[in-house]
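For reference, the structure is listed below as structure tokens.
The values are calculated or read from the model by the stated rules, or taken from the named source; none is laboratory data. Values in this document were obtained by computation on a predicted structure and should not be read as measured data. Every residue, glycine among them, receives a Cβ derived from its backbone with ideal geometry; neighbour counts consider all protein chains shown. Keep in mind that these areas ignore ligands, DNA and RNA; they rest on the heavy atoms of the full protein, side chains included. Shrake-Rupley method; radii C 1.70, N 1.55, O 1.52, S 1.80 Å.
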Amino acid sequence: NFTIPGTGSSGHLCGGMLLTALLGPYAAFLTMIGVLLIQCLLFADGGLLALGANIWNMAFYGCFLGYFLIWRPIMSGKTGKSKIICASVLGSMITLQMGAFSVTLQTLASGITELPFSIFAGTMQPIHLVIGFVEGLITAAVLVFVYESRPEILMDVTAKEAEGRFTFKHTLVSLCVVALLIGGGLSLFASSHPDGLEWSIERITGSGELDADASAPYETAGRVQETTSLLPDYAFKESDSLLGTSFSGIIGSLAVLGVCVGACYIFKFFRHPQKKEAK
């Protein structure tokens, strides 16, 4: 989480726009589902009953609308760093706005809270506009690095448009190392401020959380998460050690990689070159 100056709030990278530029909308959507599943089950981050809503709000908009409505049209013709930056910032801001607005619609449709729709939407949209701008800058930085390293990795960019500085293996290793450094080191400096949703609710109700009825499905989902969450809230159970945060970041990164690679093998997404028969 990164602090939004002057607000008392924080934002976090959703990643849909970043992934769709690297993997395409369908693979990116599946990857986002893997990320959200791991966050929910391994770290108890996000309720199990809210998983479907989270997938829609963060994965669907970022991966599909971000690609078909923003990334692909902007990338048409000759590609350059300015286009990548524009698509990253614009895509992150628009898709995050749509996700934030969906939260207010889902809250209204649920009928289980008394949050005034107009006030809730009016609080959610501005703060997520700023969060989306910061996410866009982070997304642009990663994608520009990939473009300068191996441009053909990006969707809708051909190798003829730019010459990469590094080999594919070098680029992949660099991204993996950076991911582990961020998860294991930079995560220690994550903002402690409430995120955009919690901040918005707190501004309206005075509390960052809303009480939920202890219904049977709610209790069952809670027990499932309690059983599967080996590192609840990204920390060791019953420990305040900072090592828990670093360990969670590294384990989370490896878990996402393992789930995605495993799914590719299970569903035979990997394509092996066919050997030519000798004449």
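For Rg and Dmax of the Cα atoms in Å, one of (1) 18.5, 54; (2) 20.1, 77; (3) 18.7, 61 was computed from the structure I shared and the rest are decoys. Which label? Only one listed value fits the structure, namely (2). Converting phi to 3J(HN,Hα) with the Karplus coefficients 6.51, -1.76 and 1.60 and the offset θ = phi - 60°, the range 240-256 yields 9, 5, 5, 4, x, 5, 5, 4, 5, x, 6, 4, x, 4, 5, 5, 4 Hz in sequence order, with x at every glycine or proline.
For the chain, the number of Lys pairs separated by eight or more positions or lying on different chains, with C-alpha atoms closer than 30 Å, is 15. Give me the percent of the accessible area of the chain that comes from carbon and sulfur atoms, probe 1.4 Å, all protein chains in place. Its accessible area is 66 percent carbon and sulfur atoms. Helical content alone sets the calculated 222 nm signal of the chain at -19500 deg cm²/dmol, taking -39,500 (n - 2.57) per DSSP H segment of four or more residues and averaging over every residue. Taking Ala50, Ala216, Ala235 as the candidate residues, the one with maximal mean-square fluctuation in a Gaussian network model of the chain, Cα springs under 10 Å, is Ala216. Taking His170, His12, His193 in turn, the Gaussian network model of the chain (Cα-Cα springs below 10 Å) assigns the largest fluctuation to His170.
Scanning residues 5 or more positions from Ser10 or on other chains, those with amide H under 5 Å from its amide H are Ile4, Asp195, Gly196, with H placed 1.01 Å from N in the peptide plane. The residue among Pro25, Ser246, Leu41 whose Cα reaches farthest toward the positive pole of the charge dipole of the chain, with charges on the beta-carbon of Lys, Arg, Asp and Glu, is Pro25. For the range 131-136, the Karplus equation 6.51 cos²θ - 1.76 cosθ + 1.60, evaluated at θ = phi - 60°, returns couplings of 4, x, 5, 5, 4, x Hz by residue, with Gly and Pro reported as x. With all protein chains kept in place, the per residue accessible area of the range 1-61 amounts to 39 square angstrom at a probe of 1.4 angstrom. Within the range 47-142, the trypsin sites (Lys or Arg not before Pro) that combine a DSSP coil assignment with at most 11 other C-beta atoms in a 10 angstrom radius are Lys78. Using +1 at the C-beta of Lys and Arg and -1 at the C-beta of Asp and Glu, which of Leu154, Met124, Phe166 has the Cα lying farthest in the positive direction of the dipole of the range 123-174? Towards the positive end, the residue furthest out is Phe166.
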